[in-house]
Each structure stands twice: as C-alpha cells, then as structure tokens.
1. Out of the residues in segment 212-227 that are of a type outside the set (Ser, Thr, Tyr) and under 17 Å from the mean Cα position of the chain (by Cα), which is surrounded by the fewest Cβ atoms within 10 Å (Cβ to Cβ)?
2. Hey, could you check segment 27-82 for residues that are more than 25 Å from the chain's Cα centre (by Cα) and of a type in the set (D, E, K, R) and say which is nearest to Phe130 (Cα to Cα)?
3. So which of Ile126, Ile136, Ile149 is of a type in the set (A, V, I, L, M) and in a loop (DSSP other than H, G, I, E, B)?
4. Can you spot a residue in segment 108-131 that is touching an Asp or Glu at 6+ places or on another chain (Cβ under 9 Å) and within 22 Å of Val70 (Cα to Cα)?
5. Which of the numbered conditions does Thr209 fail, given that it passes all the others? Conditions: (1) modelled with pLDDT under 85; (2) β-branched (Val, Ile, Thr); (3) buried (at least 19 other Cβ atoms within 10 Å of the Cβ).
6. Return the residue satisfying two criteria in turn: it lies in segment 150-200 and is among the β-branched types (Val, Ile, Thr) and either over 24 Å from Leu59 (Cβ atoms) or touching a residue at least 60 places away in the same chain (Cβ under 8 Å) (or both), and of such residues it is surrounded by the most Cβ atoms within 10 Å (Cβ to Cβ).
7. Scan (1) modelled with pLDDT of 90 or more; (2) surrounded by fewer than 16 Cβ atoms within 10 Å (Cβ to Cβ); (3) closer than 22 Å to Thr207 by Cα; (4) not hydroxyl-bearing (Ser, Thr, Tyr) for the single condition Phe124 breaks and write down its number.
8. Could you pull out the residue among Leu64, Leu24 that is out of contact with any helix residue (DSSP H, G or I) (no Cβ under 6 Å at 6 or more places or on another chain), modelled with pLDDT of 90 or more and in a helix (DSSP H, G or I)?
Amino acid sequence: MTPPRRPPAFALVLAGLAIAFFALPIIGLLQRAPWSEVWSDLTSETTVDALRLSLVCSLGATTLSVVFGVPLAWGLARLDVPGRRLARAVVTLPMVLPPVVGGVALFLAFGRRGLVGQYLDEWFGIRLPFSTGGVIVSETFVAMPFLVIAVEAAIRSLDQRYEDAAATLGARPFTVFRRVTLPMVAPSLAAGAALSWARAVGEFGATITFAGNFPGKTQTMPLAIFLAFETHPESAIALSLVLVAISVVVLVSLRDRWLRA
C-alpha cells in the first residue's frame with residue numbers, strides 16, 4: 001500500500017494559520033472570561049429569561065422546520081415540476097441573505113400593514129412583530145433551509161426501488177412515505193433538525209429587526225449578549241461561552257455524518 005503523500009510545507013503553514021484564525025477568537029473568550037463571576041452571570045434574572053426564551057423559541061422554530069421542511073424537501077427531491085429550481089433558490093435564500101434584510105422582509109410580509117400580516121391582524125387578531133411569536137417566525141425563516149437541504153440530499157440518495165416495492169404491494173403514497181422513506185432518512189433528518197436548532201439559537205439580525213429586543217418577551221440569548229456587551233462586557237463573555245458550548249456540541253455530534261456525506 002502506497003503511503004499517503006505529505007503536503008508541501010507552505011500548505012501546512014497556511015493550514016496552521018487558518019486554524020489559528022478560527023481558534024484565536026475562542027481562546028480570547030476563554031482567556032477573558034470572568035470565571036469567578038460566570039455562575040452569577042448565568043443565574044441572573046435577565047440571563048435566565050433569555051435562556052428560557054431562547055430554548056422555547058428555538059424548539060418552536062425547529063418543530064415548524066420539521067413539520068413544513070420535510071414535505072418541502074420531499075417535493076424538491078421527487079417532484080419534477082416547472083419552477084423547482086426557482087423554488088429551491090427561494091427556500092435556500094435565507095442562508096445567504098443578510099439577517100437584517102431577512103428581518104425587513106419579514107416585517108413587510110407579516111407586519112401589521114404587511115402583505116399577509118394585515119389580514120392576520122384584521123381577521124384573527126394575530127400580531128407577529130415585537131412578540132414571542134415573531135421570534136419563532138424569524139428563527140424558522142433562517143433555520144428551516146438547513147433542514148431542507150439535509151433531508152432533500154438524503155431523499156435523493158435513496159434507492160427508490162424500496163418505495164416502488166412498497167407501492168407495488170398496495171401501500172398508499174402516505175404509507176410509503178411514513179413507513180419506508182421517513183425511516184431511511186431519519187439520520188439525516190435528525191442532523192438537519194440539530195443544525196436548524198443550533199441556527200435558531202444563534203439567530204440575531206432577523207429577530208431584532210422583526211421582533212425587537214424586549215426582556216422576557218423577545219430578548220433571546222444573542223440579543224442579551226449584544227445588550228450586555230455595551231454595558232457589562234464580562235457578562236457578555238459569560239453568555240457567549242454558553243452559545244459557543246452549544247455550537248461545539250452540535251458540530252462534534254454531527255462530524256461523522258458530514259464526513260460520510
């Protein structure tokens with residue numbers, strides 16, 4: 001067996017510099033963290049409210065992403081209809097769209113005078129801007145594309161003969177999807193849901209633009225960090241460590257799946 005070829009020295013140097021570029025900010029956080037005050041910062045009323053709201057809203061956004069994103073991913077993977085590429089581009093647009101622009105777009109669509117929001121307010125009395133529901137909508141908008149991409153890729157890679165065999169045996173389309181397709185893409189669905197949840201937890205721009213920054217109502221962890229950084233930087237560092245820990249856990253958990261992909 002031929003041994004692996006060693007990369008040139010300049011490539012190793014550049015790779016080391018790239019690693020340092022990503023590692024130094026984390027090291028800076030760890031170095032400047034007020035470890036003696038971390039527990040008091042994390043147990044303060046403002047932090048507890050922000051943590052609770054982040055958990056509730058991110059789980060709500062993940063649930064909506066799964067409920068609507070899985071059928072959407074199936075349609076993008078299996079339906080050969082005109083406009084499918086355009087639909088995929090629209091669905092994945094929030095991944096590259098500046099978050100603040102996404103918040104403005106959400107406001108123009110679901111605000112009290114928005115394209116749909118005016119009817120939600122007039123007919124049902126639902127007002128999403130500057131509410132907890134608005135936070136969930138904002139986080140769903142930026143998080144769902146991650147789930148859709150993961151599940152669509154998994155469905156495209158499936159051997160469709162299993163589904164055809166189930167249909168031949170008399171299974172209805174929904175039964176085929178529930179008993180054959182869904183179990184086979186379950187690992188990718190779990191990975192996509194984890195990524196969506198992590199993205200929802202870290203959402204900032206669209207949330208502050210569409211839902212505002214009201215403690216106990218719309219102030220999630222990223223918003224609390226932004227506010228604390230202006231008045232109490234040490235507290236902001238402690239709160240940042242929580243989000244860093246969450247991100248590391250998610251990335252390490254999904255590492256093997258990404259390598260297989």
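1. Pro222
2. Glu45
3. Just a single option satisfies the conditions, and that option is Ile126.
4. No, there is no match, as no residue in segment 108-131 is touching an Asp or Glu at 6+ places or on another chain (Cβ under 9 Å) and within 22 Å of Val70 (Cα to Cα).
5. Just one mismatch for Thr209, condition (1).
6. My answer is Val151.
7. That leaves (3) as the condition not met.
8. Going through Leu64, Leu24 in turn, the sole match is Leu24.
The values are calculated or read from the model by the stated rules, or taken from the named source; none is laboratory data. Values in this document were obtained by computation on a predicted structure and should not be read as measured data. Cβ: placed from backbone, ideal geometry, glycine included. Neighbour counts: every protein chain shown.
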